[in-house]
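Reviewing the structure listed below.
What follows draws every value from the coordinates through simple rules; no lab data is involved. All values derive from a computational prediction rather than experimental measurement. Cβ placement follows ideal geometry from the backbone for every residue including glycine, while neighbour counts extend to all protein chains displayed.
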Amino acid sequence: MAIKWTGGAKAGQTEYEGRVLREYVHPDSLWEIDRFMVDVYTDPCNGRPLGWFRSIEIGGRPWAMNGGTRAAEVVVDASDEIRERLEQAKELARRNAAEKRAAEEARRVQIGRRVRVTSRRMRNEEFGTEGVVFWLGNDRYRSGRRCGFRDDDGETHWAHETQVEVCDAT
């Protein structure tokens, strides 16, 4: 048995047999209630080849109450194989997140990086103008940052960071 529902619309049903990872109480200070939660392993889907876990709320209690209500009986019964699969999935997710952060950092406008004008809306700068960033600062007129960059001829150009892209990641 894993989650055996005792109340609500699912009363009498049993779900997630062999896949319950843990049961815990999650305090919610906004609503002043403790939520009874269960983490369960889910099958591979939605771009997660190794599966993932999801949290299910099985009841709650206001902080003023002692007992609270639970809509299910829970037995933690996940096998070591399921736990190992979940750890592999978490490691894969950590690696993907690190790669994504590195790619975003490489695209970020910073002093010393070469940039190219990508917006045709700029009045003074020619589309495709390239140069090396020498200044970054807050934009006075809209949110975000502006950058100053010099092209190969030594001419200075000014643009909002959304109007340029990094040409190389050096």
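Computed from Cα atoms, the angle from the helix 80-107 axis to the main principal axis of the chain rounds to 20 degrees. The packing ranking of peptides 93-103, 152-162, highest mean first, is 152-162, 93-103, where packing means the average number of other beta carbon atoms within 10 angstrom of each residue. Computed from the Cβ-Cβ distance with R0 of 30 Å, the FRET efficiency linking residue 116 to residue 84 stands at 0.05.
If you rank 19, 116, 54 by fewest surrounding Cβ atoms within 10 Å, what's the result? Write down the numbers at each step before the final one.
Working: 19 20, 116 15, 54 11.
With the fewest neighbours first, 19, 116, 54 line up as 54, 116, 19.
In the chain, helices alone account for a calculated mean residue ellipticity at 222 nm of -6000 deg cm²/dmol, with every DSSP H run of four or more residues adding -39,500 (n - 2.57). Among 82, 33, 58, the largest mean-square fluctuation in a Gaussian network model of the chain, built with springs joining Cα atoms closer than 10 Å, belongs to 33.
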